[in-house]
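Here's the structure we're looking at; comments come further down.
Here, each number is a calculation from the coordinates, and none is a lab measurement. Everything quoted here is computed from the prediction, not taken from an experiment. Glycine gets a Cβ as well: all are built from the backbone with ideal geometry, and neighbour counts include every protein chain shown.
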Amino acid sequence: MALRSLICRKTLGLASSSGFKLQFRGLQTFSLPDLPYDYGALEPAISGEIMQIHHQKHHQTYITNYNKALEQLHHAIEKGDSSAVVKLQSAIKFNGGGHINHSIFWKSLSPVCEGGGESPHGSLGWAIDEHYGSLDALIQKMSTEGAALQGSGWVWLGLDKESKKLVVETTVNQDPLVTKGPLVPLLGIDVWEHAYYLQDHVTIGFDYD
Ligand SMILES: [Fe+2]
């Protein structure tokens, strides 16, 4: 399969610190996490150009606006301005969710030389077969859910901590999966147009060879 022929490249020169938090005027602020691979390491499945813009522009913008909203929240609390605190909730949820979701998304992807493209095995593989019948059936379900999503959002494969079952869920905008109850995200697919708009198609597949 084509994914097998990819050449693995080590992470090189990615901007930003690997630290998630920096001190800023006495507040904890968030910073852009490094990707665990080079921007071009997922080609041809996802182009390096898209990965770079997605990471450096879009994810960074969520973080910038998240930090801005948190700073405003800090000042609003100091002033005892309850109206201002409540007004900031949507900005905190949207931008904080964008930061959470993208931080999960980067770790969901992997170059072929590091196991990307291989079908799940072990307990995850067994759980997929048990709950969905096959990996193909799960891919089909996630694709269908993503196509049916109105507007922008995410498709998730999650684990319900209470029932111990796999679930496929969607969230709108940048709502994190944790807003859906006791669900732990295992895989997140970004259905925002900014994740693929520069590419005619994005190949999602597994190597069965
Ligand atoms: Fe995104």
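Things to note:
- Residues Lys68 and Leu198, FRET efficiency given R0 of 25 Å [Cβ-Cβ distance, rounded to 0.05]: 0.35
- Cα shape, the range 122-195, gyration tensor, a/c 1.5 rule: oblate
- Simple point charges give the picture: +1 on the Cβ of Lys and Arg, -1 on the Cβ of Asp and Glu, and for the range 122-195 a dipole about the Cα centre of about 180 debye.
- Of the GluC sites (Glu not before Pro) found in the range 107-209, those that fall in a DSSP loop while having at most 10 other beta-carbon atoms within 10 Å are Glu162.
- Under-5 Å amide H pairs with Gly153, H placed in peptide plane, nonlocal only: Asn173, Val191, Trp192
- Positive dipole terminus of the range 77-209, leading residue within Tyr197, Leu135, Trp156 (C-beta point charges): Trp156
- Phi angles across the range 168-183 convert, under the Karplus curve 6.51 cos²θ - 1.76 cosθ + 1.60 with θ = phi - 60°, into 3J(HN,Hα) values of 9, 9, 10, 10, 8, 6, 10, 5, x, 5, 5, 6, 9, x, x, 9 Hz, Gly and Pro given as x.
- Separation of the alpha carbons by more than 22 angstrom is noted, of Lys57/Lys79; Lys57/Lys107; Lys57/Lys93; Lys57/Lys180; Lys141/Lys165, for Lys57/Lys79; Lys57/Lys180.
- Annotation: amide H-H contacts under 5 Å for Leu187 (H modelled 1.01 Å from N, sequence separation of 5 or more, or interchain): Leu157.
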